[in-house]
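These notes concern the structure reproduced below.
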Amino acid sequence: MNEWSDSRPTRTPGMSAKEEILARVRTALAAPRRDAVTEAEDVPRDYQRADDKQEVSTDPGKIRDVLVQRLEDYTATVHRTTPSGVASTIAAALGEARTVVVPADLPTEWTSGVTAEITTDDGTATPRDLDRIDAVLTGCHTAIALTGTIVLRGDGTGGRRAISLVPDHHVIVVEAEQVVLGVPKGIERMAEDARAAWTMISGPSATSDIELDRVEGVHGPRRLDVVLIDPEPEPEPEPEPADAAPSPAARPRQERTA
């Protein structure tokens, strides 16, 4: 067990303040830490993990509900739809945007209802070029419900970082299987490609100055719309047919009495 001493060097006559400060630093560096971890077994393991019961047993629908609540708390606009309605929902989320930039491998069915001019990013557009574009449409890699964080990977669906930061309006499509509950599970998914360029988004870009005046759009898009694709609802069970009336031949014969 570590021994700890809070004793400090005593200032002696003729010792300057500088010498006293340096003596105290030397004393502190020489003393062992109270919470020093000496063995791997001493590392506390009571933090949340990706395989916690809460993560693996919570109903996915409830997890998506938490994500929606967090995103709306951050003033993002959430559009919930199903795979059959994703094209029209994306078109509605883009609103009056006249020009839209998309990553190279974005699913074509997502833009089938978009009437704006679509530019597929090939990596040559400069920030000044992107600033002239009204909106950007991307997919996502992971959405973390508890923190309301959407994680983009720099690939053909998430796009390079510049296109998600410069245009003033960002529309992100989140699929149901991409939503996780907590940060550990999100980090576990990101670890599948540890060298990728990652961008984490928690609501529209906003900051506050020293007087707490909120300013939006400084570090990224001022408007954030999230299109959340829920699974198609289960079909309603067909009602069981009512019992058919028995045929005359099957009815019991009644005896006549004289």
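Laboratory data are not the source of any read-out in this text; all were calculated from the coordinates shown. Values in this document were obtained by computation on a predicted structure and should not be read as measured data. FYI the Cβ positions are ideal-geometry reconstructions off the backbone, even for glycines, and counts take in every protein chain you see.
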Just how far, in whole angstrom, is region 104-130 from region 181-224 if you go by their alpha carbon centroids?
22 Å
Among the helices of the chain (complete DSSP H runs), which have Cα atoms covering no less than 15 Å along the helix axis and a Kyte-Doolittle mean of at least -0.5?
17-30
Counting only chymotrypsin sites (Phe, Trp or Tyr not before Pro) that sit in a DSSP loop (anything but H, G, I, E, B) with at most 13 other Cβ atoms within 10 Å, what is the longest stretch of the chain containing none of them?
48-258
Over the chain, what is the relative contact order in percent, taking alpha-carbon pairs closer than 8 angstrom and at least six residues apart?
20 percent
I need two numbers for the chain: Rg to one decimal and Dmax as a whole number, Cα atoms only, in Å.
30.6, 141
Find the Rg to Rh ratio for region 15-122, where Rh is the Kirkwood radius over alpha-carbon pairs and Rg uses the same atoms.
1.35
Per-residue [θ]222 nm for the chain (sum of -39500 (n - 2.57) over DSSP H runs n ≥ 4, rounded to 500)
-6500 deg cm²/dmol
Charge tally in the Cβ shell below 11 Å around Gly220, where Lys, Arg are +1 and Asp, Glu are -1, Gly220 excluded
+1
If you rank Ile187, Ile21 by fewest surrounding Cβ atoms within 10 Å, what's the result?
Ile21, Ile187
Sequence-distant lysines (8 or more away, or on other chains) whose Cα lies within less than 19 Å of Lys185
Lys53, Lys62
Which percent, nearest 5, of DSSP beta bridges in the chain are antiparallel?
30 percent
Net charge near Ala194 (other residues with Cβ under 12 Å of its Cβ; Lys, Arg +1; Asp, Glu -1) is 0
Net +/- balance of residues flanking Leu106 in space, Cβ distance below 14 Å, scoring K and R +1, D and E -1:
-4
May I ask you to sort Asp121, Asp209, Asp230, Asp129 by Cβ crowding, counting other Cβ atoms within 10 Å and putting the fewest first?
Asp209, Asp129, Asp230, Asp121
I need Leu106, Leu22, Leu181 ordered by Cβ neighbour count within 10 Å, fewest first.
Leu22, Leu106, Leu181
